[in-house]
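Structure, as structure tokens:
The values are calculated or read from the model by the stated rules, or taken from the named source; none is laboratory data. All values reported here derive from a predicted model rather than from experimental measurement. Note: ideal-geometry Cβ built from the backbone for every residue, glycine included; neighbour counts use all protein chains shown. These accessible areas exclude ligands, DNA and RNA; they are computed on the full protein's heavy atoms, side chains included. Shrake-Rupley method; radii C 1.70, N 1.55, O 1.52, S 1.80 Å.
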Amino acid sequence: MTGWFSFLHGEATAGDVLALARVERVLRDAGLAYDVVWSPGFRADGTHFADVDPAAYSRLVFVCGPVHGTQVEELHRRFAHCVRIAVGVSVVDPESPAVTGFHRVLARDAAGSIPGPDLAARAPALPPVPVVGVVLTHGQHEYGGRRRHEEVAAVLTRWLAGRDCARLELETRLDAHDWRLCGTPAQLEAVLSRLDLVVTDRLHGLVLALRAGVPVLAADPVEGGAKVTAQARACGWPALVPAERLTAAAGA
């Protein structure tokens with residue numbers, strides 16, 4: 001089982017991985033054994049092409065994405081003895097060797113054919129995960145030598161990367177012309193109120209999340225404590241981590 005999520009310089013998208021899950025379900029229900037090849041840049045602990053002996057397989061299934069390019073053509077050469085099937089793919093050029101190398105192509109879209117639903121739409125249901133808003137600052141140079149913003153942000157983001165949650169980067173700065181930012185406080189509050197948790201090292205990240213009724217994990221990025229610590233005390237909010245604790249973790 002392979003796809004663009006398998007290539008070293010490929011791309012793993014949520015749609016591709018869900019399409020893969022749909023095909024996996026079909027194979028499991030049919031009692032067929034399979035292996036999935038992952039890009040080492042996406043899943044370092046998975047099975048990679050460097051680990052695979054093509055002679056151990058009789059079939060190769062390519063899942064989702066456009067069927068084109070030298071990487072797909074290399075699959076045909078390396079697995080020449082296998083029956084090769086492409087499923088849920090887009091066919092841009094039907095005469096391309098990347099396409100003609102497959103014994104069977106079950107396309108989601110191709111010239112002259114009726115498009116079919118993407119496999120991701122019929123993937124197995126997913127477990128719910130918490131949604132975490134992340135509100136960090138890299139400024140506040142007025143604190144001079146007490147600034148620990150970079151170290152604090154590095155520890156927080158590394159910690160978040162290891163959690164099974166959906167992370168949403170947010171900014172308290174408003175801008176009426178940049179679509180990536182909220183234009184009014186009401187717009188920001190509408191986003192905050194839909195979150196399960198906010199992680200922040202900003203005073204207003206703390207205050208606005210609590211105002212919206214969302215719990216906060218706050219970090220003070222200033223050594224010795226500054227306005228985030230003061231505001232957490234003023235709000236009676238206990239979930240506060242001092243910069244010293246996080247910088248110690250960064251150096252560990």
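In the chain, a dipole from Cβ-located charges (positive for Lys and Arg, negative for Asp and Glu) runs towards its positive end, and of 119, 187, 27 it is 187 whose Cα lies farthest in that direction.
Residues within the reach of a label modelled at residue 142 (point 7 angstrom out along Cα to beta-carbon, backbone nitrogen below 16 Å), restricted to segment 202-245, are 202-205, 221-223, 225-231.
What is the dipole size for segment 131-245, taken about its Cα centre, with +1 at each Lys and Arg Cβ and -1 at each Asp and Glu Cβ, in debye to the nearest 20?
For this selection, approximately 180 debye.
Between the residues 5, 81, 44, the greatest Cα displacement towards the positive end of the dipole of segment 1-118, with unit charges on the Cβ of Lys, Arg, Asp and Glu, is found for 81. Assign one of three labels to segment 50-93, namely rounded, prolate or oblate, based on the Cα gyration tensor with a ≥ b ≥ c the square roots of its eigenvalues; rounded applies when a/c is under 1.5, prolate when it is not and a/b is larger than b/c, and oblate otherwise. It is prolate, given that a/c is not under 1.5 and a/b is the larger ratio. Counted as membrane-span-like here are DSSP H helices of the chain whose alpha-carbon atoms extend 20 Å or more along the helix's own axis and whose Kyte-Doolittle mean is 0.5 or above; there are none.
Protein heavy-atom accessible surface, 1.4 Å probe, per residue over the chain: 56 Å². When Kirkwood radius over Cα pairs in Å is calculated for this entry, the matching label among [x] 21.7; [y] 18.3; [z] 21.1 is [x]. Which of the three applies to segment 4-122, rounded, prolate or oblate, going by the alpha-carbon gyration tensor with a ≥ b ≥ c and a/c under 1.5 meaning rounded? Taking the square roots of the gyration eigenvalues as a ≥ b ≥ c, segment 4-122 is rounded. Less than 5 angstrom separates the built amide H of residue 84 from those of 60, 103, 104, all sequence-distant by 5 or more or on a different chain.
Under a model in which nothing but the beta-carbon of Lys, Arg (+1) and Asp, Glu (-1) is charged, the chain shows a dipole of about 500 debye around its Cα centre.
Packing, taken as the mean count of other beta carbons within 10 Å per residue, orders the peptides 103-109, 85-91 from highest to lowest as 85-91, 103-109.
Within the accessible surface of the chain, defined with a 1.4 Å probe on protein heavy atoms only, the carbon and sulfur portion equals 56 percent.
Report summary: the helix-based calculation at 222 nm, which adds -39500 (n - 2.57) for every DSSP H run with n ≥ 4 and divides by the residues of the chain, gives -9000 deg cm²/dmol.
Along each principal axis, taking the top coordinate minus the bottom one, the Cα set of segment 131-245 gives 35, 31, 27 Å in descending order.
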